[in-house]
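All remarks here apply to the structure that follows.
Quick note: the coordinates plus some simple rules give every number you see, no bench work behind them. All of these numbers come straight from a predicted model, not from anything done at the bench. Please note: Cβ atoms are built from the backbone with ideal geometry, for glycine as well, and neighbour counts cover all protein chains shown.
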Amino acid sequence: MIARRAFLAALGGSLAVPLAAGAQARLDRVARIGYLTLDLKGGDPRPLEAFRQGLRDLGYVEGKNLQIEYRDAEGKPERLRPLAAELIALKVDVIVATSGTAGAQAAKRATTTVSIVFPAVADPVMDGLVTSFARPGGNLTGSSLVAPELVAKSLELLKEAVPGASRVALLLNPDSLSDQGRKERLAGANTAARTLGIRLQIVEARRPEDFDRAFSEMTKARAEALSVLAAPVFDNNRRRVVDLAANRRLPAVYAFRWYVEAGGLISYGPDLIESFRRAGTYVDKILKGANPGDIPVERPTKFELLVNLKTARRLGLTMPPSLLQRADQVIE
């Protein structure tokens, strides 16, 4: 309910924002943007608000020179492609395809002509969305959230926090990755696990209905800790994921800060809010005539480390001072 109220408040609040000083947007036409997402109301409202703030900073004001058409799959990935087709039928100037690789792929399959911006995908080259980071080609561009060492670094942090853990569950949604992407992630995770002296248990969950079964598998395999790979289905149901981990007393590392804010132990990953804000810059360039295939895909440059000490105490863990000193935020 809090997320829904925050989203509705943010949606209404931006309509009265005045044109920013030094704004660059043209006011002689109304830009029409399509916003495609897996779960608009169930997800955290901050990425959407960051995207809209990025547009406001460039002089775009909803109700004046900007119209955003929202299409919400309501948690059902199979609806993403037909919703993308709806946006194309509305003749939007740009589609902002959120919800990771699944959203971007759905939009790409629906059109080869309408420009598409993805605020946050894993590896757009590996996932077949673009030709290269420097020259994407085609009609897509945006931001990548994954650095090659991210999975390994997350496992290192988890081992540092729980040095006695020898069995670690790795929770992933196979639908959020291409086959090649999944293969590469797992290869990197297994290499890191061997170096750290831990055994990985791969557990898959595609929908919220799979969560109970997935965590039961972890318990049966006697997992002692958990690493959760980023996926919209987990992000949009982070409270439940965090609670399931807590109920099974599994120390867990996550990709984004809102898991730790919801009670998770550790998060390590890129600044997702900044990626969505930057999506506004991509949209602005395209509206001014740039070809998305010529706009380089950005890689993450900043990674956040958060630790929840309250959760550590509930789990009976003592966080190493070296880990706490490196944290960008510690929740007491």
State the Kirkwood hydrodynamic radius of the range 207-311 in Å, one decimal place, computed from all pairs of distinct Cα atoms. 15.6
Checked against the positive end of the charge dipole of the range 95-206 (+1 on Cβ of Lys and Arg, -1 on Cβ of Asp and Glu, about the Cα centre), the farthest of A134, P174, A120 is P174
Stokes-Einstein D for the range 279-326 (20 °C, 1.002 mPa s, Kirkwood Rh from Cα pairs), in µm²/s, comes to 146
The long-range amide H neighbours of Y70, using H built 1.01 Å from N in the peptide plane and a cut-off of under 5 Å, are Y35
At a threshold of 8 angstrom on Cα-Cα distance, excluding pairs fewer than six apart, so keeping six or more, what relative contact order does the chain reach in percent? 19
Send over the semi-axes of the range 59-174's equivalent ellipsoid, whole angstrom and largest first, taken as the square roots of 5 times the C-alpha gyration tensor eigenvalues. 33, 16, 15
When only C-alpha pairs under 8 Å and at least 6 residues apart count, what is the relative contact order of the range 193-254, in percent? 34
Between the range 275-292 and the range 123-194, the Cα center-to-center distance that results, in Å: 25
Suppose we take every Cα in the range 173-269 and form the convex hull; what volume per residue is that in Å³? 94
Once fully extended, how much extra length lies between F133 and T112, figured as 0.36 nm per residue of separation less the alpha-carbon to alpha-carbon distance? 5.7 nm
Which percentage, to the nearest 5, of the DSSP beta bridges contained in the chain is antiparallel? 10
Could you check which residue among N247, N173, N308 shows the biggest mean-square fluctuation in a GNM of the chain with a 10 Å Cα cutoff? N247
Using only Cα atoms, what is the ratio of the radius of gyration of the range 38-100 to 2.2 N^0.38 Å? 1.17
Given that compact globular proteins tend to follow 2.2 N^0.38 Å, what is the ratio of the alpha-carbon Rg of the chain to that value? 1.00
Provide the FRET efficiency to the nearest 0.05 for the E261-N291 pair, computing r from the beta carbons and using R0 = 30 Å. 0.20
Here the Kirkwood hydrodynamic radius of the range 138-185, Cα-based and in Å, equals 13.2
